[in-house]
Amino acid sequence: MPALRKLVARGCEVCEWQGQSVETGAKTVDCPWCHALTRIFREEWLIPVVAGTNPHAAALGRLGASKGGTVRAERLPPSRRREIARKAAQARWRRR
């Protein structure tokens, strides 16, 4: 998996320098003019785009997937949950 990158707009605390750069980690960046500390004005995550996938749809899918199974189990009646559990147990014992 590639490193997460973000586009960061920074400004110097001492002089009037401002600039943008792509950063990969949490590191301190000094002003290129006076070498003082800089302050972050804006940062945006850069999401790598893979051909054939929509990164926004993938992110929404991951959000739903984290809670999908438990919500589905809560909505099922107890008899259906027992039936699903019985089929899963039989499938596990068939493999042995």
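What to note about this one:
- Neighbours by Cβ (under 7 Å, 6+ apart or cross-chain): first from the stretch 44-65, assigned to a helix (DSSP H, G or I); second surrounded by 10 or more Cβ atoms within 10 Å (Cβ to Cβ): Pro55/Ile47
- Verdict on Gly64 being on the phi > 0 side of the Ramachandran plot and not polar (S, T, N, Q): no
- Lone qualifier among Thr24, Thr28, Thr38 - being touching a Cys at 6+ places or on another chain (Cβ under 7 Å) and among the polar types (S, T, N, Q): Thr38
- The C-beta contact set for the stretch 2-29 (first residue acidic (Asp, Glu), second residue modelled with pLDDT of 90 or more and not in a loop (DSSP other than H, G, I, E, B), distance under 7 angstrom, 6+ apart or interchain) comprises Glu13/Leu37; Glu13/Thr38; Glu13/Arg39; Glu23/Lys6; Glu23/Val8.
Residue by residue, here is whether (1) in contact (Cβ under 8 Å) with a residue 12 or more places away in the chain; (2) surrounded by 10 or more Cβ atoms within 10 Å (Cβ to Cβ); (3) in contact with a Lys or Arg (Cβ under 7 Å, 6 or more places away or on another chain) holds:
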{"position": "Pro32", "(1), (2), (3)": "yes, yes, no"}
{"position": "Gly68", "(1), (2), (3)": "no, yes, no"}
{"position": "Leu76", "(1), (2), (3)": "no, yes, no"}
{"position": "Ala85", "(1), (2), (3)": "no, yes, no"}
{"position": "Gln90", "(1), (2), (3)": "no, no, no"}
{"position": "Trp93", "(1), (2), (3)": "no, no, no"}
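Every residue, every condition in (1) of a type in the set (S, T, N, Q); (2) over 30 Å from Arg10 (Cβ atoms); (3) more than 32 Å from the chain's Cα centre (by Cα), yes or no:
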| site | (1), (2), (3) |
| --- | --- |
| Ile40 | no, no, no |
| Ala51 | no, yes, no |
| Thr70 | yes, yes, no |
| Arg75 | no, yes, no |
| Trp93 | no, yes, yes |
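- Residues of the stretch 67-96 that are at pLDDT 90 or above and among the polar types (S, T, N, Q): Ser79, Gln90.
- The set of residues in the stretch 41-58 being of a type in the set (A, V, I, L, M) and loosely packed, with under 11 Cβ neighbours inside 10 Å consists of Val49, Val50, Ala51, Ala57.
The values are calculated or read from the model by the stated rules, or taken from the named source; none is laboratory data. Everything numeric in this text was worked out from a predicted model, so none of it was measured. Note that each Cβ is placed from the backbone with ideal geometry, even for glycine, and that neighbours are counted across all protein chains shown.
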